[in-house]
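Each remark here refers to the structure printed beneath this line.
The values are calculated or read from the model by the stated rules, or taken from the named source; none is laboratory data. Bear in mind that the values here come from a model prediction, so they are computed numbers and not experimental data. Ideal geometry is used to build each Cβ from the backbone, glycine not excepted, and the neighbour counts take in all protein chains shown. Only protein heavy atoms, including side chains, enter the accessible area calculation; ligands, DNA and RNA are left aside. Shrake-Rupley method; radii C 1.70, N 1.55, O 1.52, S 1.80 Å.
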Amino acid sequence: MHSESDTQVGRIVAAAAIAIGCLMLVPFEPGFVSRSESTSWALRIAADLAEGRQFGLDTVFNYGPLGLIPLRIYFPGTYPVLLAGSALVAGAFIWSSFLLFARDGRSRAASSILTLLLVALATSQLHRVGTEPLFNLLIAFVPLLDLDDEHRTPPTLQVLLGVALAIAALGKFNYFVGGTGVALAAAFTALAGRRPAWLSISYAGSILLLWRGTGQQFAHLPQYLGYSLESARGYAEAMSLQGEAQDAVPFAVLAIALTLAHIISRPKAERFAASLFPRLALIFWLFLVFKTAVVRQDEHVLSASLTVLGAGLLLVASTRRDSRLAMLAGSASIMTALLAVAISVAALGDGILMELEQTAALTGRQAKAFVRSLSEPGWRAERHRDNLAAVAKANPFPAIRGPVDVLPFASVLPWAHHLESRPNPTVNCYDSAHSSVFAKLQARHLSDPNAPLTLIASLETVDERYPSLDYGLSLMEMLARYEIASRTGEALILSKRPEVRRLELDSIATLTVRPGEFVDLPSALGGGEMVWASVRLQGTPTRILLSTFYRSPEIRLTVRLHDGDTLVRRLIPGGGESGFLLSPYLDDVGALAEVLSGKVDPRRTVSGISIDAERSALPYLRSAVIELYAIRARQ
């Protein structure tokens with residue numbers, strides 16, 4: 001029995017933990033536009049919400065109308081949404097973790113300190129990848145809480161969790177998948193126990209209310225989900241980076257350890273149906289975290305390892321003390337998670353102390369921002385304007401009239417120069433390489449009667465891709481409908497042509513090549529022609545399995561140029577199928593300018609090609625069918 005003094009100390013510690021936790025989780029100092037970078041897809045997401053664009057129609061991306069909350073990005077008019085949404089998520093996160101830690105008679109002070117540790121883990125990566133650990137752990141709370149009568153999860157908390165999960169779901173599509181999965185499991189568990197499914201009802205209702213509350217039309221919700229699913233399909237192949245298979249082993253082992261610990265820690269008297277679905281939900285959540293870690297082996301690996309470490313801490317803290325086997329399994333899961341963190345830090349080359357310092361630094365900045373808000377409420381808007389002014393000064397443009405779009409990446413330039421923005425729906429050009437659906441959407445944006453009058457175009461790409469893949473079908477529309485008005489730095493200013501050029505693709509040849517087989521392009525393609533290519537990969541049955549359960553091996557396109565250079569670049573299957581400019585090779589903005597002017601440098605034309613897949617334990621690529629066309633103007 002706790003004494004009065006112990007209770008008082010516990011209340012003080014709990015209040016302090018809540019205050020510090022809010023300083024870590026609520027963005028009193030949100031993310032701002034960089035003063036030196038002209039690209040920012042995060043700003044585009046917040047701007048689309050502020051300017052009333054429809055997600056699923058005007059904006060096709062894996063972030064939704066509440067994407068500014070996981071991104072923590074500032075844009076005028078949206079900060080109240082960011083603040084309120086983040087506060088709701090923080091409340092659900094702190095309350096849920098405290099409840100889990102307080103199980104089995106832990107004191108209020110001990111539970112508060114452990115909750116603060118979990119918050120620190122969740123925020124140590126906010127400087128890199130948004131709030132992935134925080135939102136992932138929020139999804140993990142549902143299967144760990146179990147929502148049964150014995151643990152007495154308050155209905156108010158269940159409703160708050162439903163709202164928080166809905167905010168996450170409309171922030172980013174992978175949270176929608178995870179949140180929907182665990183909400184369905186919670187509904188089944190509640191119905192099996194003949195209890196109201198408060199969390200699931202709250203989740204479903206909040207999805208609809210928040211969608212409409214952010215100015216979205218219900219008719220566009222299915223489109224948003226459909227396009228997001230298409231993006232998820234293409235992401236596995238487009239964004240997977242080469243990495244070591246053994247890096248994924250700790251996560252697979254951890255999933256087994258966490259699942260076993262969860263099974264062992266549950267009372268044996270529970271009905272099978274009531275306990276099965278929380279376990280399946282936990283496995284489902286772990287799989288999503290695993291995919292986050294291994295598809296793109298960069299900072300996401302560290303983010304995922306911190307997430308599962310937090311889940312391990314939660315599970316051990318909520319495990320029954322009289323079960324040594326459960327404690328052993330839970331401890332093993334923590335040790336495995338620590339191993340995953342160590343491997344991630346070693347692979348990224350970052351010092352672990354630097355990562356730990358992030359939480360302390362973040363808390364200090366947040367405290368200063370909160371105090372400043374009391375004396376200077378408009379400081380965020382002023383900082384935003386100053387940063388945009390710095391971007392405009394670093395990127396001077398001639399006078400531009402009418403609607404404008406910036407390619408290939410979402411850009412802050414229209415807002416920096418106070419231009420009328422008419423952005424393409426796919427946000428970043430490289431998304432069009434993920435899927436032929438997105439490639440057609442972006443091309444249609446340029447062929448529409450209301451297409452932007454001016455394009456600001458440069459030549460950039462990611463992950464060593466074949467450069468013209470990101471433009472894809474849009475390049476044909478640029479050739480037909482736009483001409484170069486001027487050039488400033490590394491950007492071309494394109495204006496709409498008075499009349500559309502009529503272009504056609506003359507079929508030259510269809511080649512079927514084996515992996516690694518080098519073939520010469522047909523002699524019918526002279527050195528002065530533009531060559532369009534469409535590539536269909538003939539995969540083995542293991543292609544779908546690898547992409548679904550692990551990651552897709554990297555596809556490489558090797559080209560030999562007429563000047564003797566041989567270049568190896570990544571080929572994205574979706575972009576290859578929809579078509580791209582194969583020759584001449586676009587290696588800088590000058591080469592892009594020549595192509596848009598109808599000129600071809602014979603030295604940079606392609607004379608031979610080869611397609612191969614990254615080495616894999618399982619065969620992945622059987623052959624590739626390459627269709628070649630000459631781009632010619634129709635008289």
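With respect to the numbered conditions (1) under 28 Å from Leu537 (Cβ atoms); (2) more than 15 Å from the chain's Cα centre (by Cα); (3) open to solvent by 50 Å² or more (accessible area, probe 1.4 Å); (4) aliphatic (A, V, I, L, M), which one is the sole condition not fulfilled by Ala248?
(3)
So, in region 482-494, how many residues would count as being at pLDDT 95 or above and not in a strand (DSSP E or B)?
0
When the residues of region 291-333 are filtered to those that are in a helix (DSSP H, G or I), open to solvent by 30 Å² or more (accessible area, probe 1.4 Å) and farther than 19 Å from Tyr550 by Cβ, which remaining residue is modelled with the lowest pLDDT?
It comes out as Leu325.
Just give me the residues in region 599-613 being in contact (Cβ under 8 Å) with a residue 24 or more places away in the chain and either farther than 28 Å from Arg543 by Cα or open to solvent by less than 20 Å² (accessible area, probe 1.4 Å) (or both), in sequence order.
Scanning region 599-613 gives Val600, Pro602, Arg603, Arg604, Thr605, Val606, Ser607, Gly608, Ile609, Ser610, Ile611, Ala613.
Identify all residues within region 1-30 that are among the small types (Gly, Ala, Ser) and either at pLDDT 90 or above or assigned to a helix (DSSP H, G or I) (or both); write none if there are none.
Once the filter is applied, which keeps residues that are among the small types (Gly, Ala, Ser) and either at pLDDT 90 or above or assigned to a helix (DSSP H, G or I) (or both), region 1-30 yields Ser5, Gly10, Ala14, Ala15, Ala16, Ala17, Ala19, Gly21.
Could you please let me know if Ile94 is touching a strand residue (DSSP E or B) at 6+ places or on another chain (Cβ under 9 Å) and among the aliphatic types (A, V, I, L, M)?
no
Kindly establish whether Lys368 is open to solvent by 70 Å² or more (accessible area, probe 1.4 Å), part of a helix (DSSP H, G or I), at pLDDT 80 or above and not hydroxyl-bearing (Ser, Thr, Tyr).
yes
Considering only region 54-81, how many residues are at pLDDT 95 or above and among the aliphatic types (A, V, I, L, M)?
2
Considering (1) in a loop (DSSP other than H, G, I, E, B); (2) in contact with a Ser or Thr (Cβ under 7 Å, 6 or more places away or on another chain), say which one Leu581 fails and leave the rest.
Leu581 satisfies all of (1) in a loop (DSSP other than H, G, I, E, B); (2) in contact with a Ser or Thr (Cβ under 7 Å, 6 or more places away or on another chain) except (1).
Take region 390-421 and flag every residue that is closer than 18 Å to Leu475 by Cα, open to solvent by 10 Å² or more (accessible area, probe 1.4 Å) and assigned to a loop (DSSP other than H, G, I, E, B).
Phe409 - this is the single residue of region 390-421 that is closer than 18 Å to Leu475 by Cα, open to solvent by 10 Å² or more (accessible area, probe 1.4 Å) and assigned to a loop (DSSP other than H, G, I, E, B).
Looking at region 578-610 only, could you name the residues that are of a type in the set (Val, Ile, Thr) and touching a Gly at 6+ places or on another chain (Cβ under 8 Å)?
Answer for region 578-610, where residues must be of a type in the set (Val, Ile, Thr) and touching a Gly at 6+ places or on another chain (Cβ under 8 Å): Val600, Thr605.
Given the structure, is Leu505 touching a residue at least 60 places away in the same chain (Cβ under 8 Å) and farther than 15 Å from Arg632 by Cβ?
Answer is no for this residue.
When region 505-541 is examined, which residues are found to be open to solvent by less than 60 Å² (accessible area, probe 1.4 Å) and of a type in the set (Asp, Glu)?
Asp506, Glu517, Glu529
Of the conditions (1) open to solvent by less than 30 Å² (accessible area, probe 1.4 Å); (2) of a type outside the set (Gly, Ala, Ser); (3) out of contact with any strand residue (DSSP E or B) (no Cβ under 8 Å at 6 or more places or on another chain), Pro498 satisfies every one except a single condition; which number is it?
So the condition that Pro498 fails would be (1).
Among the residues of region 86-103, are any open to solvent by 50 Å² or more (accessible area, probe 1.4 Å), closer than 25 Å to Phe218 by Cβ and not aliphatic (A, V, I, L, M)?
No, there is no match, as no residue in region 86-103 is open to solvent by 50 Å² or more (accessible area, probe 1.4 Å), closer than 25 Å to Phe218 by Cβ and not aliphatic (A, V, I, L, M).
How about region 582-598: which of its residues are open to solvent by less than 30 Å² (accessible area, probe 1.4 Å) and either closer than 24 Å to Ile626 by Cβ or β-branched (Val, Ile, Thr) (or both)?
Listed by number, the residues that qualify are Leu582, Ser583, Pro584, Tyr585, Leu586, Val589, Ala591, Leu592, Val595.
State the number of residues belonging to region 422-450 that are farther than 27 Å from Glu499 by Cβ, surrounded by fewer than 20 Cβ atoms within 10 Å (Cβ to Cβ) and out of contact with any helix residue (DSSP H, G or I) (no Cβ under 6 Å at 6 or more places or on another chain).
Total satisfying the criteria: 0.
Considering only residues that are acidic (Asp, Glu) and at negative phi, look in region 451-482 and name the one that is surrounded by the fewest Cβ atoms within 10 Å (Cβ to Cβ).
Among them, the one singled out is Glu460.
Scan region 197-217 for residues that are in contact (Cβ under 8 Å) with a residue 60 or more places away in the chain, open to solvent by 30 Å² or more (accessible area, probe 1.4 Å), farther than 13 Å from Leu165 by Cα and outside any loop (DSSP other than H, G, I, E, B) and report the count.
Adding up the residues that qualify gives 0.
Restricting to region 53-70, what's the tally of residues that are part of a loop (DSSP other than H, G, I, E, B) and within 12 Å of the chain's Cα centre (by Cα)?
Total meeting the criteria: 4.
Identify, from the list Leu191, Leu225, the residue that is farther than 30 Å from Gly576 by Cβ and either open to solvent by 70 Å² or more (accessible area, probe 1.4 Å) or modelled with pLDDT of 90 or more (or both).
Answer to the selection: Leu191.
Could you tell me whether Thr548 is in contact (Cβ under 8 Å) with a residue 60 or more places away in the chain, open to solvent by 10 Å² or more (accessible area, probe 1.4 Å) and touching a strand residue (DSSP E or B) at 6+ places or on another chain (Cβ under 9 Å)?
Criteria not met by Thr548.
For the condition out of contact with any Pro (no Cβ under 6 Å at 6 or more places or on another chain), in contact (Cβ under 8 Å) with a residue 40 or more places away in the chain, over 27 Å from Leu441 (Cβ atoms) and not acidic (Asp, Glu), what is the one hit in Leu582, Leu557, Leu618, Leu567?
Unique residue meeting the criteria: Leu618.
Look at region 111-152 and say how many of its residues are part of a helix (DSSP H, G or I), of a type in the set (Gly, Ala, Ser) and either within 17 Å of the chain's Cα centre (by Cα) or modelled with pLDDT under 85 (or both).
2
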